[in-house]
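Here's the structure, in structure tokens; my notes come after.
The values are calculated or read from the model by the stated rules, or taken from the named source; none is laboratory data. Small disclaimer: the values here were computed from a predicted structure and weren't measured. FYI the Cβ positions are ideal-geometry reconstructions off the backbone, even for glycines, and counts take in every protein chain you see.
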Amino acid sequence: MTRLRSRLRIGDAFGLAWLGLKARPGRSVLTALGIAIGIAAIVAVVGISASGRADLLDQLDRLGTNLIRVGPGQGILGGPAELPEDAPSMAARIGPVENVSAAGLVDVTIRRTDLIPELETGGLSLVAVDPNLIEVLGASMGMGRFVDSGLAEMPVVVLGEVAAERLGIRNLENERLIYADGWWLSVVGIASDLDLHPDLERSAMVGFPAAEAMFGEVHPTALYLRVIPEAVDDITEVLPSTVNPENPDRVEITRPADALAAREAADSALTQLLIALGSVALLVGGVAIANVMVMSVLERRMEIGVRRALGATRRHVRSQFLLESIMLAGSGGLVGAGLGAGITLGYATLRGLRLDVPVEALGGAVAAALGIGAIAGLYPASRASRIPPSEAVRGSR
Amino acid sequence: MPVLRLRQVHKTYPGPPPVEAIRGVDLDIDPGEMVAIVGPSGSGKTTLLHLMGGLDRPSSGLVEINGVDVSRVSDRELSGLRAAKLGFVFQEFFLLAGVTALDNVAQGLVYRAVPPRDRRKLAAVALEKVGLGDRMTHLSTRLSGGERQRVGIARAIVGDPAIVFADEPTGNLDSVTSEEIVRLLLDLNAGGSTIVVITHDLDLASRFPRRVSMRDGNLL
């Protein structure tokens, strides 16, 4: 009896499934599209989020996690307080502090010219800074030079990127001047990479000696400390009483890197939500495949009958419909993964991010599509295999 | 020894009310025979064909195909028997759309695990046999009705089966084309094939060497 066993080669099983899909190309493409959209959405979300995270990590690496900002807490009357004048030197005395730089808000308005009303400051301010600020922050100069020690006593300023934009200064080809309460200050540079210091981004920075010469005494309102990474927690603990022994509770310590970490956490929550939405799209795609396959079984009763007459066993019929479903979803998954990677590439290029599409996401997406195809095809395939051959060949007759 | 042996075969479809489609049929068909089973619509001839072709099992009685009692084998073995020993020709041809005549015929060997290249070689021989040597690469949808039925016949004979069953093979064809198909079946029989044709057409049946008439589930 073994002589009479029906046998289907593996290649032929795939070939039959392919024939089934090829016979109805329009329907196959539309059905696979549902899966493709779901997969593309998920891959794009994961890819874009990974690229964003890679960029964030790059930024963290550049900035380092050992930067500490010391600011004044609220004053007695609720207004911002100042730090004691000797706060920078006190902070510098703490052993593991490698570098300290101070900045002090100058109580004047800055404008493009003296013709602009005093109230229209554009949210910009003048800040007196130490020459080493740019180095301590790990920021860089977009153009020009910083108010280093050579320029600290001159009436010159460096603008943050936002300040430069608001003042309409895009280049330094001609001498650019801005107006600050009776003084004209020359712009010598524009600093960039200050994303984590919005107050500095929106300011014009001038050397401490120059600021005091023009506008009187300036107290530090912020200290930036570069410290030994392992000592960050210890230093954070002793800083308030060191920089302001009289009122340690009026000292506010922040770590800019924490802001990045918080941003990453928010991004990952959004990513998870978007992945959940993509999964719903995928589920709907799976239901569409199951639906089309059930319909296909009803329409193809005669084909099933002929295949049984040609010697197909129930298992052969079942595998044919199951493979069709898997191939349908799998092709949708492949197209979707490609599409998702393409969207990620486009987004990363547009936003200047580092492209990072995790290989696991691509593999996982295609595997998920295949799994959905298999699950969606189970019922139709089993239904097709249960049609008795004599009934199937009678078909609609 | 007969290639097909039926003894007191009954087939009843469960009701309500139960329908007894075949009522105690005895029939022997010897190798190389060509038999027409003729009867009006509803006489049970298609049910009989399904029983003889192993597409269905009798409610009682013996159906022995090529020495195999169909009541004693599993569904899988019965499929194997169909793949290896039986060929079917259908009234509506049932060819795969968008596939060439050659590949349609090769489908007749797909459940025997014949490698694709050999399948195509055998399919080409079968197409030559039915006079379609010049239509091998034509898509089935581009063929005339008569040509499609020839492809259907080639698919039935490609595996060199012990018996070929044809269910109203000329039912969808005009008289000229029907005549060509009848001649082809007679030629195949002359070449040694055992052929059983089911038809309601008495004129067609009269062309075959042996005729068996059916009425109300009985052979007359």
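Couple of notes before you dig in:
- Of all residues in region B:182-205, those satisfying the criterion of being hydroxyl-bearing (Ser, Thr, Tyr) and more than 18 Å from B:Ser43 (Cα to Cα) are B:Ser193, B:Thr194.
- For A:Ala341, the criteria (1) assigned to a loop (DSSP other than H, G, I, E, B); (2) farther than 30 Å from B:Val114 by Cβ hold in every case but one, which is (1).
- Tally of residues being in contact (Cβ under 8 Å) with a residue 40 or more places away in the chain, assigned to a loop (DSSP other than H, G, I, E, B) and either farther than 19 Å from A:Ile387 by Cβ or more than 7 Å from every other protein chain (Cβ to nearest Cβ) (or both) across region B:56-89: 4
- The single condition from (1) surrounded by fewer than 22 Cβ atoms within 10 Å (Cβ to Cβ); (2) under 13 Å from the mean Cα position of the chain (by Cα) that B:Leu55 fails is (1).
- Residue-level check: of (1) of a type in the set (Lys, Arg); (2) assigned to a loop (DSSP other than H, G, I, E, B); (3) touching a residue at least 60 places away in the same chain (Cβ under 8 Å), A:Arg170 misses just (3).
- Check on B:Arg142, charged (D, E, K, R) and within 14 Å of chain A (Cβ to nearest Cβ): no
- Single unsatisfied condition, A:Leu328 versus (1) surrounded by 20 or more Cβ atoms within 10 Å (Cβ to Cβ); (2) within 14 Å of chain B (Cβ to nearest Cβ); (3) in a helix (DSSP H, G or I): (2)
- Residue count for region A:122-150, restricted to those that are closer than 16 Å to A:Val206 by Cβ and either out of contact with any Lys or Arg (no Cβ under 9 Å at 6 or more places or on another chain) or at pLDDT below 85 (or both): 17
- Residue count for region A:115-145 satisfying the condition of being free of Cβ contacts under 8 Å to residues at least 60 places away in the same chain and buried (at least 23 other Cβ atoms within 10 Å of the Cβ): 1.
- Scoring B:Met136 on the criteria (1) of a type in the set (A, V, I, L, M); (2) more than 20 Å from the chain's Cα centre (by Cα); (3) within 11 Å of chain A (Cβ to nearest Cβ) leaves a single failure, condition (3).
- The single condition among (1) surrounded by 20 or more Cβ atoms within 10 Å (Cβ to Cβ); (2) more than 11 Å from chain A (Cβ to nearest Cβ); (3) in contact with a Lys or Arg (Cβ under 9 Å, 6 or more places away or on another chain); (4) under 22 Å from B:Phe208 (Cα atoms) that B:Lys45 does not satisfy is (3).
- Residue-level check: of (1) more than 11 Å from chain A (Cβ to nearest Cβ); (2) touching a strand residue (DSSP E or B) at 6+ places or on another chain (Cβ under 9 Å), B:Val125 misses just (2).
- Cβ-Cβ under 9 Å pairs, at least 6 apart or on other chains, region A:102-114 side over 12 Å from A:Gly182 (Cβ atoms) and not assigned by TED's automatic domain parsing to the domain that holds A:Leu185, far side at pLDDT 85 or above and assigned to a loop (DSSP other than H, G, I, E, B): none
- From the list A:Ala128, A:Ala91, the lone residue that is among the hydrophobic types (A, V, I, L, M, F, W, C) and assigned to a strand (DSSP E or B) is A:Ala128.
- Scanning region A:295-307 for residues that are under 22 Å from B:Phe165 (Cβ atoms) and either within 7 Å of chain B (Cβ to nearest Cβ) or of a type in the set (Asp, Glu) (or both) gives A:Met302, A:Glu303, A:Val306.
- Residue within region A:57-68 that is at negative phi, in contact with an Asp or Glu (Cβ under 7 Å, 6 or more places away or on another chain) and modelled with pLDDT under 90 present: no
- Once region A:1-58 is narrowed to residues that are within 26 Å of the chain's Cα centre (by Cα) and of a type in the set (D, E, K, R), the residue that is nearest to B:Leu109 (Cα to Cα) is A:Arg53.
- In region A:284-297, residue farthest from the chain's Cα centre (by Cα) [restricted to those that are surrounded by 14 or more Cβ atoms within 10 Å (Cβ to Cβ) and not β-branched (Val, Ile, Thr)]: A:Ser296
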